[in-house]
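Asks: Attaching a single structure in structure tokens format; questions to follow.
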Amino acid sequence: MLQPLRPEPPEEELPRSNVKKLREVFQGPFGVRSLSLTGLFILAAFYTLYLAQSFFIPIVLALLLSLLLSPAVRLLKRLRIPEIVGAAVVVLGLLGVLGLGVYELAGPAYAWAQQAPRSLRRLESRLQDFKKPVQAMSKATASMEKITKVGADGPPPVSVRTESLGERMFSQATGLLASGAVMFILLFFLLASGDLFLHKLIRVLPGLADKKRAVDFARQVESDISKYLTTITMINGGLGLATWGAMALLGVPNPLLWGVLAWSTNYIPYLGAMSMYAVLTMVGFLTFGDPGHALLVPGAFGVLNVLEAWVIAPLVLGRRLTLNPVVIFLALTFWSWIWGIAGAMLAVPIMVVFKILCDHSEPLAPIGELLGG
């Protein structure tokens, strides 16, 4: 005889263990709802970083520069100079160095930009033998395109007005000046405030042990980050000075320009060195008629770059502040996609700062271990 179907018991009649398991699946720390909200939060954060890059880039630069320059402000404070005056001196000194560099390099850079079309034609004539296979392929491609377009009727082309080079450069220069002003103003306030935020954090924490732990954590993290930024800046500066000397010995015009370019591009892993090889190869062939002499220009930089990347940097930084090469490549790709050239230059400092924070935080220690080299 068929038994009648019994309705499912309501939630209250289910065993408590089953109800608890269902709640853990949907509401626990690793539940579906928690993971979904975390994923949405990460996507929203990435979108915000991409959309508001003109807002975030000056802030990140100001924070990194404040960690780099805070030891100088503390040194002035030990000399009985108030923090606000010391911050003003440091920021004005940085502005002076940047202004002097722009003044010294503007002339050579403008001269190279002016003679770029003529220089490229000269380089093209020297590389004519290498271009013959490419020209043959281009002619074949153009012939195929003409064949496929025979008898094809379509609407007339629509001309779209685009920005001229002058308009584009003016808009970019205006945005760059505005971002620079925001960065320097914020940098001044960060340096002048000193330990204000740390003191406020100490007041908020309840227990004495928590206050001491917070002070030790903040001091150690700030010290490690400052040491890293100072060290990497000195290493890049040494590479720039060595490149300047090598270009001067080889007789390359405007050696200071190439030294500064080597210093600035060395903040970008892999891509910076590749761009310097390409630029110096072009400069060598434009400067010297002999191919052997021309190849000495990128060759000299190659020797210096190998010594810096494989000997000096690992020896000075040590294993504690080195990153996994896979992490460096992923960080470079991600931040370049988010913030362009500025993101490529900030990718490694941002990841090193994050690794230092993970190393000094017990819950995040496994992540710091994964990021390490």
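The values are calculated or read from the model by the stated rules, or taken from the named source; none is laboratory data. Source: prediction; values computed, not measured. Neighbour counts run over all protein chains shown; Cβ positions are idealised from the backbone, glycine included. Surface areas here come from the heavy atoms of the whole protein model, side chains and all, with no ligands, DNA or RNA. Shrake-Rupley method; radii C 1.70, N 1.55, O 1.52, S 1.80 Å.
Asks: Rank-order 302-314, 80-92 by packing density, defined as the average count of other C-beta atoms within 10 Å over each peptide's residues, highest first.
Replies: 80-92, 302-314
Asks: Taking 0.36 nm per intervening residue step and subtracting the Cα-Cα distance, what contour gain separates Trp310 from Leu256 on full extension? Please report the intermediate quantities before stating the final value.
Replies: Values: separation 54, 0.36 × 54 = 19.44 nm, distance 2.44 nm.
Separation in residues times 0.36 nm, less the Cα-Cα distance, equals 17.0 nm.
Asks: log10 I(q)/I(0), Debye, Cα-only the range 210-368, no solvent, q = 0.13, 0.18, 0.19, 0.20 Å⁻¹?
Replies: Computed log10 I(q)/I(0) values: -0.68, -1.08, -1.16, -1.24.
Asks: Applying the Karplus parametrisation 6.51 cos²θ - 1.76 cosθ + 1.60 with θ = phi - 60° to the phi angles of the range 201-211, what ³J(HN,Hα) value in whole Hz is obtained for each residue in order, glycine and proline being reported as x?
Replies: Residue by residue, the range 201-211 yields 5, 5, 5, 6, 5, x, x, 5, 5, 5, 5 Hz.
Asks: Express the carbon and sulfur contribution to the solvent-accessible surface of the range 171-241 as a percent, rounded to the nearest whole number, probe 1.4 angstrom.
Replies: Carbon and sulfur atoms account for 72 percent of the accessible area of the range 171-241.
Asks: Arrange the peptides 340-347, 93-100 so that the one whose residues have, on average, the most other Cβ atoms within 10 Å appears first.
Replies: Per-residue Cβ counts within 10 Å, averaged per peptide and sorted highest first, yield 340-347, 93-100.
Asks: Whenever you get a sec, line up Asp224, Asp210, Asp216 from highest to lowest accessible area (probe 1.4 Å, protein heavy atoms). Don't jump to the answer; show the numbers that get you there.
Replies: Details: Asp224 10, Asp210 60, Asp216 100 Å².
Solvent-accessible surface, decreasing: Asp216, Asp210, Asp224.
Asks: Out of residues 5 or more away from Leu323 or on other chains, whose amide H comes under 5 Å of its own, with H placed 1.01 Å from N in the peptide plane?
Replies: Gly373
Asks: Hey, rough spin-label estimate for Thr174 and Leu196, points 7 angstrom out along Cα→Cβ, what's it come to in nanometres?
Replies: 3.2
Asks: Sketch the reach of a paramagnetic label on Leu205 as a point 7 Å from Cα along Cα-to-Cβ, and name the residues of the range 218-259 whose backbone nitrogen lies under 13 Å away.
Replies: Counting backbone N atoms under 13 Å from the label point, the list is 218-221.
Asks: If you don't mind, another one. Can you tell me the FRET efficiency between Val85 and Ala181 if r is taken as the Cβ-Cβ distance and R0 is 22 Å, rounded to the nearest 0.05?
Replies: 0.55
Asks: Any chance you could look up the accessible area of Tyr270 with a 1.4 Å probe, heavy atoms only, rounded to 10 Å²?
Replies: Taking all protein chains as shown, Tyr270 has close to 110 Å².
Asks: Here is a further query. Tell me, what HN-Hα J-couplings in whole Hz come from the Karplus equation 6.51 cos²θ - 1.76 cosθ + 1.60 at θ = phi - 60° for each residue of the range 72-79, using x for Gly and Pro?
Replies: Taking θ as phi minus 60°, the curve returns 5, 5, 5, 5, 5, 5, 5, 8 Hz for the range 72-79.
Asks: For the range 296-373, what % of the accessible area comes from carbon and sulfur atoms, probe 1.4 Å?
Replies: Working: 3250 of 4180 Å².
Ligands and nucleic acids excluded, carbon and sulfur give 78 percent.
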